[in-house]
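This report concerns only the one structure given below.
The values are calculated or read from the model by the stated rules, or taken from the named source; none is laboratory data. Not measured: the values here are computed from a predicted model. Cβ coordinates were reconstructed from backbone atoms using ideal geometry, including for glycine residues, and neighbour counts include every protein chain displayed.
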Amino acid sequence: MTRHATQPIEGQKPGTSGLRKKTRVFMQPGYLENFVQSIFDGIGGASGKTFVLGGDGRFFNAKAIQTILKMAAANGAARVIVGQDGLLSTPAASHLIRLNGTDGGIILSASHNPGGPDEDFGIKFNTPNGGPAPEGVTNAIFARTQTIDGYQKLDAPDVDLGALGETSVGEMAVTVVDPVEDYEALMASIFDFDAIRAMIAGGFTISFDAMHAVTGPYAAKILEGTLGAPAGSVVNGTPSPDFGGGHPDPNPVWARALMDRMMGEDAPDFGAASDGDGDRNMIVGRNCYVSPSDSLAVLAANATPVPAYAKGLAGVARSMPTSAAADRVAERLGIGLYETPTGWKFFGNLLDAGKVTICGEESAGTGSDHVREKDGLWAVLFWLNLLAARKLSVAEVMADHWATYGRNYYTRLDFEAVPTEAAAALMDGVRDRLGDLPGQSFGDLTVESADEFSYHDPVDGSESHGQGLRIWYEGGARAVLRTSGTGTEGATIRCYLEAYDAETLDDPAKLDPVRTATMELAGFRTHIGRTEPDVTT
Ligand code: G1P
Ligand code: ZN
C-alpha cells in the first residue's frame, strides 16, 4: 500500500448531488483521489466496510472505478460490489446498497450533463439507506477536503470489470454483478408485469429513448425482453462515453427526436426517455407531453392499480418549485403533502420515516420508497401499469385528470452561464425587496405575498435556509427564483412559473402574465441583459 502525500484542493464542496466538475478537472493528478479519501475519512473510515460502486458509463468512468477500488482496498474496505463494466444506474445502485445492507455506495455520474473529456464528470456518496448523503455527511466530507494531507492507494493491477463474479484487490473482495438483474427483480415485485405484457401483446406501442446512456441495457432487458415489446422499441440503447455527443437530459429540448416522433403521424402509443444515470424520466403520449409536475400528480391519483401501492399511499412529497398539482390529489386522498427544498436528498427522511410513499421534482424526477433515489424506469413502468389498468391513452388520462382537479399550468425558464455577480445582483435585488413587494403591480399582476423558502425537516428537525425566492400574485399564480446547485459554468438562474385554472384546460398562454410580471419584477433585462432563457421546459 502507498500513502500519497497531498494537500487540500480548492472547490471540492459537494452540491445537491455530489461533486460535479469538468472531466479534465477530475483527471488532474490527485483530484479524484483527494475527494474519495475525503469521503472515506468523512464517514469515519472504510475499514471493514462494504460499498457499492458504479457509474453511468461516461468518459473517465472505468478509470475512476479502478482508482476507487484500489483506494477502498488500501483503506481496509472488506468488499465492493461493482456493476459489470463499471455500469450501474443511480436507482439500481441505491437498490444494491439497500439489498446488500452495505455501508453505502459511491456513484459516478454528472446525471444529465454531457459527458466526454471536455464535458462533465461527477461523484457522490450515498448512505446505507441508499440515498444521497444528507448535509451533515457532505459537510464532513467537505471539511476533510480542507485538511487532507494524504490518500491511500494500493499498487495493484486493474480488475477485469467485464467478468461477472468474485475477484479481489489485495485483501478486499470485489463482486462484479449484472447491473440489471436485481433491479429488474425489484420492478417485477412492484408492478403488474402480466397486465403490461398483455397490453403490449395487444398491440400497444412504445418508444423508449435511452439517450445513449445507462438505461439502455435496463430498458432493453425489461421492456423488450421480459415485457415483450418488439425489438427497436428501445432507441439509442447502447451506453456511450459521450452519450453520442448529446445532452442526456430527458426533456422536450434535449429529447427532440422523441418529441418529434410522438407529435408525428406514426407516433407510438407511449414515449419515454431517461437521463445519463437513469434517475430522471420524461413521459409523452401521442400528441401529449406530460409535464413532470403533472406526472407526479397522475401517479399519485392512480397508484392503487400498482400492486405495491394497492393499499394506498402514506403521503406525497414534492420539491418546492414543483407545481401544486400533486397537492390537489393529496388533498382529495386525505394524505399528507410535504414540500421540500430542491434535491432528492430531502425526501430521504420522509421516506425512511414512512411519511410518504412517492415523491417528485419538476426536473423530471419521480420515485418512491422502493429505493432512495428518483427512478426513471420505475416512472415509465408505473405509467405503463396505470395505462394497462385504465385502458386509456396518455392524452385521455391527462384530460380526465385536469377535468377532475383543474390544471396547474407550469414552465421553467433556465438562464445559463450567467456571470456570477450578475446572478447574485438579480437574486439579492429580489431578496432585499421581499417585504415591500406585496401590493406592487408588475405587468397585469399584483403581488400578494413573497418570501424566501426555508425547510424544517419534520423527521430530524434540521433547518435548511435560502432555498428559493417565492412570489405569489393575486389570482393564484406563483413564481419561484433560485440559482442552480448543479450548473458547472457561471451561474444558472431558474425561474419557475405556475398558474392554476379550473375551467380553461388547454391554453398555455395562461402563463404569459406571470412570465411578464416576473421578468419585470426581478429585473432580468437590467441585471443580465435578457428575458429569453436558454432552455424552457
Ligand atoms: C437540478 C434540479 C433538481 C435536481 C438536481 C439533481 O438541480 O433542478 O431538481 O434534484 O438537478 O438532479 P439544480 O441545478 O436546480 O440545483
Ligand atoms: Zn440523473
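Out of ALA185, ALA220, which single residue is of a type outside the set (Phe, Trp, Tyr), outside any loop (DSSP other than H, G, I, E, B), buried (at least 16 other Cβ atoms within 10 Å of the Cβ) and at pLDDT 95 or above? Only one candidate qualifies: ALA220. Determine whether the stretch 247-257 contains at least one residue that is assigned to a helix (DSSP H, G or I) and either within 16 Å of ligand 2 (Cβ to nearest atom) or not polar (S, T, N, Q) (or both). Checked against the condition, which is being assigned to a helix (DSSP H, G or I) and either within 16 Å of ligand 2 (Cβ to nearest atom) or not polar (S, T, N, Q) (or both), the stretch 247-257 yields at least one hit.
Within the stretch 10-63, the set of residues being farther than 15 Å from ALA140 by Cα and among the basic types (Lys, Arg) comprises ARG20, LYS21, LYS22, ARG24, LYS49, ARG58, LYS63. Looking only at the stretch 180-235, residues that are over 22 Å from VAL371 (Cα atoms) and basic (Lys, Arg) come to 1 in all. SER189 - would you say it is hydroxyl-bearing (Ser, Thr, Tyr) and farther than 30 Å from LYS63 by Cβ? Taking the combined requirement at face value, the residue satisfies it.
When the stretch 217-272 is filtered for residues that are of a type in the set (Val, Ile, Thr), touching a helix residue (DSSP H, G or I) at 6+ places or on another chain (Cβ under 7 Å) and under 30 Å from LYS63 (Cβ atoms), the ones remaining, listed by number, are ILE222, VAL234, THR238. Within the stretch 268-288, the set of residues being at positive phi and away from ligand 2 (no atom under 16 Å from the Cβ) comprises ASN287 only.
Out of curiosity, is PHE243 touching a residue at least 60 places away in the same chain (Cβ under 8 Å) and either out of contact with any Gly (no Cβ under 9 Å at 6 or more places or on another chain) or away from ligand 2 (no atom under 16 Å from the Cβ) (or both)? Considered against the rule, which asks whether it is touching a residue at least 60 places away in the same chain (Cβ under 8 Å) and either out of contact with any Gly (no Cβ under 9 Å at 6 or more places or on another chain) or away from ligand 2 (no atom under 16 Å from the Cβ) (or both), PHE243 comes out as no. Mind telling me which of the residues PRO230, PRO239 ends up being surrounded by 18 or more Cβ atoms within 10 Å (Cβ to Cβ) and assigned to a loop (DSSP other than H, G, I, E, B)? Matching residue, one of PRO230, PRO239: PRO239. Among the residues of this structure, ASP277 counts as one that is modelled with pLDDT of 95 or more and in a loop (DSSP other than H, G, I, E, B). Taking first residues from the stretch 498-511 that are crowded, with 17+ Cβ neighbours inside 10 Å and partners that are of a type in the set (A, V, I, L, M, F, W, C) and part of a loop (DSSP other than H, G, I, E, B), the Cβ contacts under 6 Å between residues at least 6 apart in sequence or on separate chains come to ALA499/ALA477.
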